[in-house]
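The values are calculated or read from the model by the stated rules, or taken from the named source; none is laboratory data. Being a predicted model, the structure only gives us computed values, none of them experimental. Counting neighbours? That spans all protein chains shown, and the Cβs are built from the backbone with ideal geometry, glycine included. Note: accessible area is taken over every heavy atom of the protein model, side chains too, but ligands, DNA and RNA are not part of it. Shrake-Rupley method; radii C 1.70, N 1.55, O 1.52, S 1.80 Å.
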Amino acid sequence: MNTFGFYVGLVTLLVIGLGFVWVIRGERYLGYLWWPYFMGAGIMLVSLSLFISNDWGSVLAGVIGGSLIWGSTEFKEQAIRAELGWFPFNRRKIRPPFANVIAKWKIPHL
């Protein structure tokens, strides 16, 4: 019996579950303008997963990278949910480099 797929599914479920938490915390402390940095990190991890020969390393890099890409598209929606009072709102956030330029960009949606 091959259990690799079963364990990959469990790891994927765990990483996606943690993705919800890091999006909430990331938006609270950093703000939604950090989305391009998270998306870039996700794209790099997914690309890196193509070159990792170890199955588990490749799976982890790909799943975490995919979660980062998805989460980066959720930052603006999470900011709106925090403003509506659904989640705690923090006014003092860490501004990213090039925040004035990033604020003009349209955030992608998946």
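Quick look at the numbers
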| item | result |
| --- | --- |
| Residue within the range 43-53 that is within 29 Å of LYS104 (Cα to Cα), under 11 Å from the mean Cα position of the chain (by Cα) and small (Gly, Ala, Ser) present | no |
| Tally, over the range 48-63, of residues that are aliphatic (A, V, I, L, M) and surrounded by fewer than 18 Cβ atoms within 10 Å (Cβ to Cβ) | 3 |
| From the options LEU18, LEU45, residue that is part of a helix (DSSP H, G or I) and either open to solvent by 90 Å² or more (accessible area, probe 1.4 Å) or touching a Cys at 6+ places or on another chain (Cβ under 9 Å) (or both) | LEU18 |
| Of residues in the range 21-42 being touching a Pro at 6+ places or on another chain (Cβ under 9 Å) and either aromatic (Phe, Trp, Tyr) or surrounded by fewer than 16 Cβ atoms within 10 Å (Cβ to Cβ) (or both), the one farthest from LYS104 (Cα to Cα) | TYR37 |
| Residues located in the range 1-15, provided they are open to solvent by 100 Å² or more (accessible area, probe 1.4 Å) and more than 28 Å from LYS93 (Cβ to Cβ) | MET1, ASN2, PHE6, TYR7, LEU13 |
| Only listed residue being of a type in the set (D, E, K, R), assigned to a loop (DSSP other than H, G, I, E, B), modelled with pLDDT under 90 and over 30 Å from GLY5 (Cβ atoms), chosen from ARG92, ARG81 | ARG92 |
